[in-house]
Each structure stands twice: as C-alpha cells, then as structure tokens.
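**Q** I'd like to ask some things about the structure below.
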Amino acid sequence: MSTQMHLAELNVGRLLAPTDDPRVAEFMGSLDRINGLGKRMPGFVWMMEGSGEPGTGNTENAIGGDPQHVTNLTVWESVETLENFVWNTVHKQFYERRAEWFEVLGEMHFVMWWVPAGHRPTLDEALERLEHLRANGDSDHAFGWAYLEEATQWRQKQCVAAE
C-alpha cells in the first residue's frame, strides 16, 4: 500500500462583475489557456471539473449559489511542482493582476493540505479545510504557503497581497 502524499490546493475568489462583463473579459478569456497549461505541467495530478469557471451550472462547484464565485481545486505531486506552475509560468502574471478582476475577500481564501496519492478531494472537503485554516491557523490539517519549509519560490517571488 502506497503512503505517497500529494498536495491539494483550493483557491476561492469572487469576480468584480458578472462573467459576461467587459471588466472581467480578459480573465474569462484566459481560463482555458491557464488551466490547460496547468494540466500539462510536470507534477500536475488532477483538477476539479469546472475549476476557475464561475457560473458553469456545475452545482458541485457552486458556493452559496453565487455565479461570480470562482473556485480552483487541484492536486499536485509536490510543493515544488505547484510552485513551479504558480510562480514560473504565465500564471504569475494573472496572479499579480488579480485585483483587476476579483474582490478583496477580507479573509483567507487559499488553503493547501496533503492527500493520499489517488485521492480526489471534493469541494465540500476543500471548503472544510479552508474553514479550519480560518478558525485555527496553519496546522498539518490545513495550511498556507508560509507553513511549508520547502516553499522556497513563494518566499522569493510572492507579490504584495492585495489590500
């Protein structure tokens, strides 16, 4: 029986405008490109269907029935492979511009946790991890980048948090 663990991550956002609004058109038009790139990256394991796509009608991905909420749930082989995608690809340019398309949520909206290889987390599971992080801070159960000693690129390349 394998004891290999993979890294799951959930990122939640709320668009500044409806998906067909010109203010979010560049973001919406780039989703397939960025998600496709992620799926081709070394170390990518799995992505929840509809990740990053608000208003897709996929009720599994809905948060509070709000069509402007965006959820991205993925699994990676390691911290290093996720960091490589986040900080060393075109993804970083979109991350740095997030304030152009997303509201500032005012609370933690990103969480990571370890899952056994082969496990595909549900959105409910991921949201529970996020709530645990919000309530308790970083722990082995749910954590952010700062909790991971091996997260070297995050420390070197992170951009200033949107305020």
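The values are calculated or read from the model by the stated rules, or taken from the named source; none is laboratory data. Model, not experiment: these values are computed from the prediction. Note: ideal-geometry Cβ built from the backbone for every residue, glycine included; neighbour counts use all protein chains shown. Keep in mind that these areas ignore ligands, DNA and RNA; they rest on the heavy atoms of the full protein, side chains included. Shrake-Rupley method; radii C 1.70, N 1.55, O 1.52, S 1.80 Å.
**Q** Is there a residue being of a type outside the set (Ser, Thr, Tyr), open to solvent by 40 Å² or more (accessible area, probe 1.4 Å), at pLDDT 95 or above and in contact with a Lys or Arg (Cβ under 9 Å, 6 or more places away or on another chain) anywhere in region 46-66?
**A** yes
**Q** Quickly run through region 113-124 and pick out the residues that are of a type outside the set (Lys, Arg) and over 14 Å from the mean Cα position of the chain (by Cα). Write out each step before concluding.
**A** Residues of region 113-124 of a type outside the set (Lys, Arg): 113-119, 121-124.
Matches in region 113-124: 114, 115, 116, 117, 118, 119, 124.
**Q** Give the number of residues within region 127-149 that are closer than 14 Å to residue 6 by Cα and touching a residue at least 40 places away in the same chain (Cβ under 8 Å).
**A** 1
**Q** Within region 97-112, track down each residue that is modelled with pLDDT of 90 or more and over 13 Å from the mean Cα position of the chain (by Cα).
**A** Scanning region 97-112 gives 97, 99, 100, 101, 102, 103.
**Q** Which members of region 6-32 meet the condition of being in contact (Cβ under 8 Å) with a residue 40 or more places away in the chain and open to solvent by 80 Å² or more (accessible area, probe 1.4 Å)?
**A** Matches in region 6-32: 23, 26.
**Q** Then there is this: Looking only at region 6-26, which residues are over 30 Å from residue 150 (Cα atoms) and not in a loop (DSSP other than H, G, I, E, B)?
**A** Across region 6-26, the qualifying residues are 15, 22, 23, 24, 25, 26.
**Q** What single numbered condition from (1) modelled with pLDDT of 95 or more; (2) of a type outside the set (Phe, Trp, Tyr); (3) more than 12 Å from the chain's Cα centre (by Cα) fails to hold for residue 9?
**A** (3)
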